[in-house]
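Notes for the one structure printed next.
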Amino acid sequence: HAVLAHPSVGGAMVVLSEDDALWPGWTEIDGKPVRTCIGGAERADSVLAGLNALPDDVRPDDFVLVHDAARPHLRASDLERLLDLGRGDPVGAILAAPVRDTLKRAGDDGGIDATESRDRLWRALTPQLFRRLQLTRALEAARNAGVTVTDEAMAMERLGHRPLLVEGSDDNLKVTTPADLPLAEFLLRLARERRMGSDS
C-alpha cells in the first residue's frame, strides 16, 4: 500500500514462495495491477524472477523499485525523495540511513578485537530504484559469477556502478524476528492516527 500510493508507481509484482499460504490473492490495489510470481532460494533469485515476470509494457529503461514486504513502515516523503533524486541519477538510488551506533569487530572467542569507524557508513534500506534492464543484467552477472548479493545495490556495484544514497527514516525497520512485530505495529498505528488527524 505504501508503495502503490505514489502516483508514479504503476503497479506491483509480488514475489512469493512456492508454498505461500498467506497471500490474500489481491489482483489490484487502488486501481493499480498487482501481479505475482514465484521466487527463488535467495533474495537475488527472487528479485530476478520478479523482473523477468514483469509485463512487456515495463520497458528495459523504465525504473523499477525493489521493496522488502518486511518493511511495512515506508514513509511517503522518503519514497518521494528517492524517486525524485534517483530518477535524476544515471545509475539509480537506494534509501539508506547513516550508521549512528558504535561498531565493534568481534574475535573468534567473542571478545572485541576492534572498534570500527562509523564515518561514511550507511545501512541499506528499501526501496531501491534502478532501471529494469540494468538491474536484470547486474543480478544475472552476480549469479553467473557465483556471488550471493544481499541487495540490488551490491549487484550494481559489482559492475562498477555507484548508486546514490538517499537518506531515509530510521523507522523504516525490517521485521525479521517476532520481537520486531510490536514496534512495527506501533509505528503503523501511529502513522494511521496521523493520517486520520490530517484528514479531519
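Hey, with R₀ at 25 Å, roughly what FRET efficiency would Val34 and Glu80 work out to, going by the Cβ-Cβ distance, to 0.05?
0.70
When each pair of different Cα atoms in the stretch 23-67 is counted once in the 1/r mean, what is the Kirkwood radius in angstroms, to one decimal?
11.9 Å
For the chain, what is the accessible area per residue in Å² when the probe is 1.4 Å?
Normalised by residue count, the accessible surface of the chain is 61 Å².
Could you list log10 I(q)/I(0) for the chain at q = 0.12, 0.13, 0.19 Å⁻¹, which the Debye formula gives when each Cα is one point scatterer?
Relative scattering, expressed as log10 I(q)/I(0), comes to -0.69, -0.81, -1.58.
Express the C-alpha Rg of the stretch 84-151 as a ratio against the empirical globular expectation 2.2 N^0.38 Å, rounded to two decimals.
The value comes to 1.51.
Please give the net charge around Arg132, taking every other residue with its beta carbon less than 15 angstrom from that of Arg132, where Lys and Arg add +1 and Asp and Glu add -1.
-1
Taking θ = phi - 60°, what integer Hz values does the Karplus form 6.51 cos²θ - 1.76 cosθ + 1.60 yield along the stretch 12-20, in sequence order, with x for Gly and Pro?
With coefficients 6.51, -1.76 and 1.60, one gets 9, 10, 9, 9, 10, 7, 4, 9, 5 Hz.
Starting from the Cα coordinates of the stretch 110-200, work out the convex hull volume and express it per residue in Å³.
About 199 Å³ per residue, rounded to a whole number.
Using only Cα atoms, figure out Rg for the stretch 59-108 and give it as a multiple of 2.2 N^0.38 Å.
1.58
Net charge near Lys104, counting Lys/Arg +1 and Asp/Glu -1 over other residues with Cβ under 10 Å of its Cβ?
-2
Give the longest segment of the chain that steers clear of GluC sites (Glu not before Pro) in DSSP loops with at most 15 neighbouring Cβ atoms within 10 Å, not counting the sites themselves.
Answer from the scan: 43-200.
Report, to the nearest whole %, how much of the accessible area of the chain belongs to carbon and sulfur atoms, 1.4 Å probe, protein only.
With neighbouring chains kept in place, the figure for the chain is 50 percent.
The values are calculated or read from the model by the stated rules, or taken from the named source; none is laboratory data. Note that the structure is predicted; figures quoted are calculated from it, not measured. Positions of Cβ are generated from backbone atoms using ideal geometry, with glycine treated the same way; all protein chains shown enter the neighbour counts. Note: accessible area is taken over every heavy atom of the protein model, side chains too, but ligands, DNA and RNA are not part of it. Shrake-Rupley method; radii C 1.70, N 1.55, O 1.52, S 1.80 Å.
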